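Heads up, the thing below is written out as structure tokens.
The values are calculated or read from the model by the stated rules, or taken from the named source; none is laboratory data. These figures come from a predicted structure and were not determined experimentally. Here Cβ is always computed from backbone atoms with ideal geometry, including for glycine, and neighbour counts include all displayed protein chains.
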Amino acid sequence: MSTPAGPYSPLVVAGPFLVCSGQLGLAPGPDGAPALVEGGPGPQLARAVANAATLLEAAGASLADVFKTTVFVTDPADFPSVNEAYVAAFGDHRPARSMVAVAALPMGGAVEIEVWAHRPG
């Protein structure tokens, strides 16, 4: 998603490092406004990672350049479905990761991901 939901930058470039602010599983809804994808935390994480990948690609990087992620979930019982979606998104690439349970996320999201990458070059 190109428009942040608050007063922050979706992506910050700091030398060779790229930091994606927390991404939710948002896609354009029927009215064109951002809406959470259906299906729960797994599909939401898949979309959130895709949103982060779009930001990284615009800055000359890819998911293969990610070295650290932080995943926030609202229910620890969702860890297995989130892990499944995470592996599907990153394949054999295994960035360092923290996964934290939180009381709530913006827009009622079940999961959010923050991504740090090192731009090649």
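How many residues does region 1-28 contain that are modelled with pLDDT of 90 or more, surrounded by fewer than 12 Cβ atoms within 10 Å (Cβ to Cβ) and on the phi < 0 side of the Ramachandran plot?
3
Between Pro41, Pro76, Pro80, which is over 24 Å from His118 (Cα atoms), at pLDDT 95 or above and surrounded by 22 or more Cβ atoms within 10 Å (Cβ to Cβ)? Spell out the reasoning first.
On the way: Pro76 fails: surrounded by 22 or more Cβ atoms within 10 Å (Cβ to Cβ); Pro80 fails: surrounded by 22 or more Cβ atoms within 10 Å (Cβ to Cβ).
Result: Pro41 is the single residue among Pro41, Pro76, Pro80 that is over 24 Å from His118 (Cα atoms), at pLDDT 95 or above and surrounded by 22 or more Cβ atoms within 10 Å (Cβ to Cβ).
Out of Asp65, Asp75, I need the residue that is acidic (Asp, Glu), touching a residue at least 12 places away in the same chain (Cβ under 8 Å) and more than 23 Å from Gly121 (Cβ to Cβ). Which one?
Numbers: Asp65 fails: more than 23 Å from Gly121 (Cβ to Cβ).
Of Asp65, Asp75, the one residue that is acidic (Asp, Glu), touching a residue at least 12 places away in the same chain (Cβ under 8 Å) and more than 23 Å from Gly121 (Cβ to Cβ) is Asp75.
Just give me the residues in region 96-121 being of a type in the set (A, V, I, L, M, F, W, C) and either exposed (fewer than 15 other Cβ atoms within 10 Å of the Cβ) or assigned to a helix (DSSP H, G or I) (or both), in sequence order.
Here is the first cut: in region 96-121, the residues of a type in the set (A, V, I, L, M, F, W, C) are 96, 99-105, 107, 110-111, 113, 115-117.
Matches in region 96-121: Ala96, Val100, Ala101, Val102, Ala103, Ala104, Met107.
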